[in-house]
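K.L.:
Encoded as structure tokens, here's the structure I'll be asking about.
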Amino acid sequence: MRTRPARLAISAAALATAALSLTACSSGGSSTAASGSTTASQSASSSGSGTTGTSSQPSTSTGTTSGGVNGGATSSGTSSLRTQGGGAASVVPCATSQLKATQQDASVGAGQYYSKIVFTNVSGTTCTLDGFPGVSYVKQAGVQSGNAAQRSGSPGHVVTLKPHGTASAVLHDANGIGGYDPSQCQLSQAQGLRVYPPNQKAALFIPWNTQHCAGPTIHSLTIGPVQAG
């Protein structure tokens, strides 16, 4: 009599244990599935964001890199073309070393003297002249004689000089004493003209044996702005 109830009790206990095991397994499986689903979802979400970011970033990076490289090449090419094309922005002022100066078209009348100071571009590069030259008489050893020329007239326009091109400025002075009092004029012998191209610190020399008023109060020598031709 005692044996059967014991067996029944054992069987009942075994069934209860089995049920608990099944419940645990079922619960663990659901947890794992949920975890897997969550992980998959997070992975997909992360992968999706990563993919989008990756797709965007390389595109931007590639575009930037490509744009930078191509843009740089284009910019360099454009700059090179502009320079080779001799655009206005790329042409620089004429240096003294690029120029030759001469005096031409002398004209004398009624105590007045006129001529042109002509600049010729003797280099192989296009350059510009803009403004007034600096001009003065010089005597032996290059010593200045009298006052430097004063500016006459309004500033002109920028003159572009291609190789062998010319530009000129009108020079004016009294002819000899030119009506001045001899003591005021102080007529002196000059060996030539010292000419500074506009905006340059180095000068050119034009030989010219002449007499002019070198008195300190005399300002008869004038120079106009550079013009084409």
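K.L.:
Is it the case that Ser123 is of a type in the set (S, T, N, Q), assigned to a loop (DSSP other than H, G, I, E, B) and touching a residue at least 24 places away in the same chain (Cβ under 8 Å)?
P.N.:
When the stated conditions are applied, Ser123 passes them.
K.L.:
Something else: Return the residues of the range 200-227 that are in a loop (DSSP other than H, G, I, E, B) and surrounded by 16 or more Cβ atoms within 10 Å (Cβ to Cβ); say none if nothing qualifies.
P.N.:
Gln200, Ala203, Ala214, Gly215, Ile218, Ser220, Leu221, Gly224, Pro225, Val226
K.L.:
Could you give me the residue pairs with C-beta distances under 8 Å whose first residue belongs to the range 143-154 and is free of Cβ contacts under 8 Å to residues at least 60 places away in the same chain, whose second residue is of a type in the set (D, E, K, R) and surrounded by 15 or more Cβ atoms within 10 Å (Cβ to Cβ) wherever it lies, and which are 6+ apart or on separate chains?
P.N.:
Short answer, once both residue conditions are applied: Gln144/Arg194.
K.L.:
Say whether the condition of being buried (at least 19 other Cβ atoms within 10 Å of the Cβ) and either within 32 Å of the chain's Cα centre (by Cα) or more than 22 Å from Thr222 (Cβ to Cβ) (or both) is met by at least one residue in the range 136-147.
P.N.:
Looking through the range 136-147, none of the residues is buried (at least 19 other Cβ atoms within 10 Å of the Cβ) and either within 32 Å of the chain's Cα centre (by Cα) or more than 22 Å from Thr222 (Cβ to Cβ) (or both).
K.L.:
Under 7 Å by Cβ, and 6 or more places apart or on different chains, what pairs join a residue from the range 94-108 that is farther than 15 Å from His164 by Cβ with one that is surrounded by fewer than 16 Cβ atoms within 10 Å (Cβ to Cβ) and among the small types (Gly, Ala, Ser)?
P.N.:
Thr96/Ala202
K.L.:
Can you pull out the residues in the range 141-155 that are of a type outside the set (A, V, I, L, M, F, W, C) and either outside any loop (DSSP other than H, G, I, E, B) or touching a Leu at 6+ places or on another chain (Cβ under 9 Å) (or both)?
P.N.:
Scanning the range 141-155 gives Gly142, Gln144, Ser145, Gly146, Asn147, Gln150, Arg151.
K.L.:
Which condition from (1) aliphatic (A, V, I, L, M); (2) farther than 21 Å from Pro93 by Cβ; (3) without any contact (Cβ under 8 Å) to a residue 40 or more places away in the chain is the one that Val158 breaks?
P.N.:
For Val158, the failing item is (2).
K.L.:
Here are some residues: Gly124, Gly156, Gly176. Which one is surrounded by fewer than 17 Cβ atoms within 10 Å (Cβ to Cβ) and modelled with pLDDT under 95?
P.N.:
Gly176
The values are calculated or read from the model by the stated rules, or taken from the named source; none is laboratory data. As the structure is a computational prediction, the values presented were derived from the model and not from experiment. Cβ atoms come from the backbone with ideal geometry, glycine included; neighbour counts cover every protein chain shown.
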